[in-house]
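Have a look at the structure below before the remarks.
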Amino acid sequence: MTTTAVDSKEFRNVIGHFMSGVTIISTHFDGVDYGMTASSVCSLSLEPPMVVVCLNRQIPTQTAVSNAGVFAVNILSEKQGWLAERFGSRRDDKFDAVEVVRGNSNVPVLAGSLAHLRCRVVEKVEAGTHTVFMAEVTEAFSDDGRPLAYYRGAFGRFELQQNAEAYAVLRRAVLDRSYDVDTPLDPLRLVDDLGLPIEAVHDALTRLVADGLVQRQSFGYVQQPYDIERTQNSFEVKRIIDLAAADLTVGRVTPEQIDELQRLCDEIALQINGDEILDIDQYQDASAAFQEYLVGLTGNDMLIDTVRRLSIPSILTHVPGLRDTTPAHMGRNRQELVEAYRAADLERVKVILNRQSDLVTSEWALVIEALGGKL
Ligand SMILES: Cc1cc2nc3c(=O)[nH]c(=O)nc-3n(C[C@H](O)[C@H](O)[C@H](O)COP(=O)(O)O)c2cc1C
C-alpha cells in the first residue's frame, strides 16, 4: 500500500469545498425500508441513462441495495434539510411520518422531493471503504422547486445568479419607491427594465411578497405602503440588532477590523459634501456596507440577513425637498461610532446607536405624516 501525504481529516476539509446537491438513497429488502443521505451521486451515461452512487459498506442501506439490486435516488428540495439530517444518522425511525410512494419492488420514493430516479444495479465495484454502484435508470421524475445544497458540512440554498440579481434590483427599486406606489407592478415592464427573464422577475416578486414589501392582489402585485407604525417597527428591530451586535463585539474586534470600519466610514464621507449627498445610490450602498459590516462583526450570517430583509425605506433621499437626516450630522455620528469601537467603549457605542435610531425614527414619522400618513 502506498502512503499518501494527505490525511483523512485534511481530505474531508478540502473536498468539502466541492458543493453538491443532497439525495436520499432508498430501497426495500426483505420487508424492510432502508434509506440514507448521500451526496456521492453522479450521472454516468446518457445512453443508456446511468448513475453512480458510492455507499459505505458498513451502512445497512448499502447491504440492502446490494441484496435488492434496486434503489431510488431522491433529490432533496431546499425544504427537506430535516430529512437529510434524519437519514444522515443511524436510527430506526427514519421513515416515521415520512410520506412515500412505492413502485416496483416496493422501493419507497419520498413524497415532496425535487426529483427522483428509480434505478437497477448493473455493476458494483469495491473501492476503499465504499461500494461503487453503477445503475441503470428505469424511471425519472422532476418537480418544480429549488434544490438543497451541501457545502463544507452545512446545508444551504442554491440560487441562480439571475434570480439573486432580480431580487436585489427589484427590492431596491421597491424600497426606493422607484415605481409609483398606486400602480400595480407589471412583470413584463420589469422584464424590460431589468433585462432579466420573466422567471427571475416572478421569483423576485414572490420573495418580496414573503418579505412583506409587496402584496399579491387579484389584479397583480402592489407595493406595500409604508405607514408610521410599520416603519417604526422596522427601525426598532434594527436598533435591537445593532445594540446586541455591539454587546457581542465591542472590545473584541481586531485592529484590522476597526481599520476596515474606518475605511467604510470614509467611503460614506466621500459621498457627502456639507449637507449635500453627491451620488444617492453610492451613498446608500456605502451606508448599507457600513451597517452590515458592524453587524457582520458578530460572525452571524442570520443577523446580517435579518438586517437586509428589514423593510426600512431608503426613499428619503429621493423625496424632493427632503434629505437624509442631515447627512453631515449622520456622517459625524458614524465617525464617532468608529472611534467608540476603537476605544472599546461599549456605553458610548450604545449612546450613539440609540441617538441615531431615535433621530431616524422621529424624522421618518414626520416625513410619512407630511406625505399623508402613507408612502
Ligand atoms: C450530506 C450528507 C451526504 C452523505 N453522503 C454519503 C455518501 O455519499 N455515501 C455514504 O456512504 N454516506 C454518506 N453520508 C453518510 C450517511 O448518510 C450516514 O452514515 C448515515 O448514518 C447512514 O445511515 P445508517 O445510519 O442507517 O447507517 C452522507 C451524510 C450526509 C449528511
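State yes or no: is V107 surrounded by 12 or more Cβ atoms within 10 Å (Cβ to Cβ), assigned by TED's automatic domain parsing to the domain that holds D33, away from the ligand (no atom under 12 Å from the Cβ) and without any contact (Cβ under 8 Å) to a residue 24 or more places away in the chain? Give the derivation first.
On the way: surrounded by 12 or more Cβ atoms within 10 Å (Cβ to Cβ): yes; assigned by TED's automatic domain parsing to the domain that holds D33: yes; away from the ligand (no atom under 12 Å from the Cβ): yes; without any contact (Cβ under 8 Å) to a residue 24 or more places away in the chain: no.
It is false that V107 is surrounded by 12 or more Cβ atoms within 10 Å (Cβ to Cβ), assigned by TED's automatic domain parsing to the domain that holds D33, away from the ligand (no atom under 12 Å from the Cβ) and without any contact (Cβ under 8 Å) to a residue 24 or more places away in the chain.
Go over the candidates F133, F141, F155 one by one and state the one that is modelled with pLDDT of 95 or more and in contact with a helix residue (DSSP H, G or I) (Cβ under 7 Å, 6 or more places away or on another chain).
On the way: F141 fails: in contact with a helix residue (DSSP H, G or I) (Cβ under 7 Å, 6 or more places away or on another chain); F155 fails: modelled with pLDDT of 95 or more.
On inspection, the qualifying residue turns out to be F133.
Those residues that are surrounded by fewer than 18 Cβ atoms within 10 Å (Cβ to Cβ) and either among the hydrophobic types (A, V, I, L, M, F, W, C) or within 12 Å of the ligand (Cβ to nearest atom) (or both), I need them from region 76-87; list them, please. Even if it seems obvious, please write down each step before you answer.
Restricting attention to region 76-87, the residues satisfying the condition of being surrounded by fewer than 18 Cβ atoms within 10 Å (Cβ to Cβ) are 78-79, 82, 85.
Selection gives W82, E85.
For V14, which of the numbered conditions (1) within 11 Å of the ligand (Cβ to nearest atom); (2) more than 25 Å from L83 (Cβ to Cβ); (3) aliphatic (A, V, I, L, M) fails to hold?
Result: V14 fails condition (1) only.
Which of the numbered conditions does K94 fail, given that it passes all the others? Conditions: (1) buried (at least 17 other Cβ atoms within 10 Å of the Cβ); (2) within 15 Å of the ligand (Cβ to nearest atom); (3) among the charged types (D, E, K, R); (4) in a strand (DSSP E or B).
Failed condition: (4).
Hey, does region 264-277 have a residue that's in contact with a Ser or Thr (Cβ under 6 Å, 6 or more places away or on another chain) and either in a helix (DSSP H, G or I) or modelled with pLDDT of 90 or more (or both)?
Yes, because at least one residue in region 264-277 is in contact with a Ser or Thr (Cβ under 6 Å, 6 or more places away or on another chain) and either in a helix (DSSP H, G or I) or modelled with pLDDT of 90 or more (or both).
I need a count of the residues in region 25-75 that are within 8 Å of the ligand (Cβ to nearest atom), surrounded by fewer than 17 Cβ atoms within 10 Å (Cβ to Cβ) and in a loop (DSSP other than H, G, I, E, B).
2
Yes/no per residue for (1) over 14 Å from V65 (Cβ atoms); (2) in contact with an Asp or Glu (Cβ under 8 Å, 6 or more places away or on another chain):
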residue: D96; (1), (2): yes, no
residue: G103; (1), (2): yes, yes
residue: V107; (1), (2): no, no
residue: L114; (1), (2): yes, yes
residue: C119; (1), (2): no, yes
residue: E126; (1), (2): no, no
residue: T129; (1), (2): yes, no
residue: M134; (1), (2): no, yes
residue: T138; (1), (2): yes, no
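The values are calculated or read from the model by the stated rules, or taken from the named source; none is laboratory data. Owing to the predicted nature of the structure, the values given are computational and were not obtained by experimental measurement. Every residue, glycine among them, receives a Cβ derived from its backbone with ideal geometry; neighbour counts consider all protein chains shown.
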